[in-house]
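Everything below concerns the one structure shown next.
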């Protein structure tokens, strides 16, 4: 790796890498270039085997001078992976299997023909879509935090440089520290990790502290169920996050940065380590970076998977080798943080967006989004939605656009019921909120929050009391136990929710639950406890009829809570085929003496409620719709 010692060295290197990458993507080098998704989701679906098979076939067919294959980061459209993209045609193949590698080489690379059955099919028009940007899932997205993901090899520094890496830092190093902080303030970026505190103000607090040692910490402890934004960014373009950390370090006067990443993200950690090593070898990390006198080093600490360590003071305790429990504030970390020194903590997505602000200018970033929420936000869109995946949309995009335009709507013609934003700390939003613009303040005003970006869609088959119970189980497991309002309050809320979903609830339980929720929210020490009741309060506000049905009528309207469900065989539909009885694991189904209306030569069957374990096997095996839940 050649040393990059000055700004001129960097400029020359970037020009060279940009020219090389541009020629590859535009086909100016006369070759075809295949890129294969190397994100965790696609890797779990054998994308690395596809990559290996493509490499083998290229070699066997002596195509090395006509075709290359490369591994890139997450494409985002997780429900359609694994992906193989072909340049310069910009052709995207989805749901690729290992056996398809031979077809891609023979038909596309050698034959020059598009393989139409591997293209995405629009579910409305049923037309095959060849180019990624023409797919509805991608049309409304703007990639800032996800810059370079799915286009560059995350383990190749040259490709990151060819895609704009370190242009932001190079500009920052020509400015004063205050000018850099002011640029971030003018951009209006707010922290993408949860509460949305203005990033520039946090940096200003740390800059104003006079101390011989300061720190920058990257919070990669992504713990929300269903969230994978930070992981995908670190897997797809770790250099961007490192550059963002270095800009922050220069701005506040820090020489060391710590990445706190959960150990369950081995691919992200590996690529982060490779990126740090490559940058050190190139002279872009270490002493006197670009001859500016600025020195900076990056370190990695692995988290053990405690959700509470997403709270910044608990995270600092964990880095220091202490138990991950929050500290009382003030003093705030910007004044007294890691090892008692001024520290700023920003999450992965925030730091990944910082190079764009310095590279393109604060005004360009601020031109995207709403008045009080600038830029874009990455969401992990999951649950009952057709297009599951990672999306980055401008602030101000409506929930309707997110769910129905980008997400493709609800599967199987089901009706939309709610979307949980902000993970366990957020709340449920309903049909009346679909045209609300997504930003920090509008979501909080409706009883939810942006959070780190988890977005779980629910349909008519979801029980909202059961949803509240699910999140409360998670919170109870993850509470550190330091303060009694959270430790005891969440436990008691879970006990009441369990009682209600098991059919033992009483109308008075609703009042007790609401009182506990408000007490926990008001009196807890940290954000985990202060927001723990949000799923309960938001479901009670929007779906009180379900709580009443559970406690007064002892019925679950969605037929989810098992102890309130009764399975019944409909005599007018049962033909007496015995398929349900033969597959019942509890031997709860037996033949009666009643002849079938459909087939008088056979007897209908009956389910014994005392034996039924409510597993649903009978329903899944009945081809005649003769079994129902009541």
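The values are calculated or read from the model by the stated rules, or taken from the named source; none is laboratory data. Quick caveat, the model's predicted, so the values are computed rather than measured. A quick note on method: Cβ atoms are made from the backbone with ideal geometry, for glycine too, and the neighbour counts reach across all protein chains shown.
With respect to (1) within 30 Å of residue 406 (Cα to Cα); (2) over 30 Å from the mean Cα position of the chain (by Cα), the lone exception for residue 56 is condition (1). Out of all the residues in region 592-610, is one or more closer than 30 Å to residue 468 by Cα, in contact (Cβ under 8 Å) with a residue 24 or more places away in the chain and outside any strand (DSSP E or B)? There is at least one residue in region 592-610 that is closer than 30 Å to residue 468 by Cα, in contact (Cβ under 8 Å) with a residue 24 or more places away in the chain and outside any strand (DSSP E or B).
When the residues of region 611-623 are filtered to those that are assigned to a loop (DSSP other than H, G, I, E, B) and in contact with a helix residue (DSSP H, G or I) (Cβ under 6 Å, 6 or more places away or on another chain), the one that is surrounded by the most Cβ atoms within 10 Å (Cβ to Cβ) is 622.
Condition check: touching a residue at least 40 places away in the same chain (Cβ under 8 Å) and either farther than 20 Å from residue 314 by Cα or touching a helix residue (DSSP H, G or I) at 6+ places or on another chain (Cβ under 6 Å) (or both). Does residue 226 satisfy that? Steps first, answer last, please.
Numbers: touching a residue at least 40 places away in the same chain (Cβ under 8 Å): yes; either farther than 20 Å from residue 314 by Cα or touching a helix residue (DSSP H, G or I) at 6+ places or on another chain (Cβ under 6 Å) (or both): yes.
The answer is yes for residue 226.
Residue 556 fulfils the conditions (1) assigned to a loop (DSSP other than H, G, I, E, B); (2) within 27 Å of residue 490 (Cβ to Cβ); (3) over 34 Å from the mean Cα position of the chain (by Cα) except for a single criterion, (3).
Regarding residue 532, is this residue at pLDDT below 90, within 26 Å of the chain's Cα centre (by Cα) and closer than 25 Å to residue 417 by Cβ?
Values: at pLDDT below 90: yes; within 26 Å of the chain's Cα centre (by Cα): yes; closer than 25 Å to residue 417 by Cβ: yes.
Here the answer is yes, as residue 532 does meet what is asked.
The residues of region 579-591 that are within 45 Å of the chain's Cα centre (by Cα), surrounded by fewer than 18 Cβ atoms within 10 Å (Cβ to Cβ) and not in a helix (DSSP H, G or I), listed by number, are 585, 586, 587. Can you pull out the residues in region 263-272 that are surrounded by fewer than 22 Cβ atoms within 10 Å (Cβ to Cβ) and in contact (Cβ under 8 Å) with a residue 24 or more places away in the chain? Selection gives 263, 264, 267, 269. Could you go through region 34-46 and let me know if any residue there is closer than 30 Å to residue 168 by Cα and part of a loop (DSSP other than H, G, I, E, B). Scanning region 34-46, I find at least one residue that is closer than 30 Å to residue 168 by Cα and part of a loop (DSSP other than H, G, I, E, B), so the answer is yes. Meeting the requirement of 1 or more residues that are over 30 Å from residue 307 (Cα atoms), the helices (runs of 4 or more DSSP H) wholly within region 112-212 are 136-139, 157-162, 167-172, 177-187.
Let's see how each residue does on (1) surrounded by 22 or more Cβ atoms within 10 Å (Cβ to Cβ); (2) closer than 28 Å to residue 628 by Cα:
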residue: 478; (1), (2): no, no
residue: 517; (1), (2): yes, no
residue: 529; (1), (2): yes, no
residue: 535; (1), (2): yes, no
residue: 571; (1), (2): no, yes
residue: 577; (1), (2): no, yes
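What number of residues within region 437-453 satisfy the criterion of being touching a strand residue (DSSP E or B) at 6+ places or on another chain (Cβ under 9 Å) and either at pLDDT below 90 or not in a loop (DSSP other than H, G, I, E, B) (or both)? Steps first, please.
To start, the set of residues in region 437-453 that are touching a strand residue (DSSP E or B) at 6+ places or on another chain (Cβ under 9 Å) comprises 437-440, 443, 446-453.
Then keep just the ones that are either at pLDDT below 90 or not in a loop (DSSP other than H, G, I, E, B) (or both); that gives 437, 440, 443, 446-453.
Going through region 437-453 one residue at a time, the tally reaches 11.
Just one of the numbered conditions (1) closer than 30 Å to residue 476 by Cα; (2) touching a strand residue (DSSP E or B) at 6+ places or on another chain (Cβ under 8 Å); (3) not in a strand (DSSP E or B) is not true of residue 241: (1).
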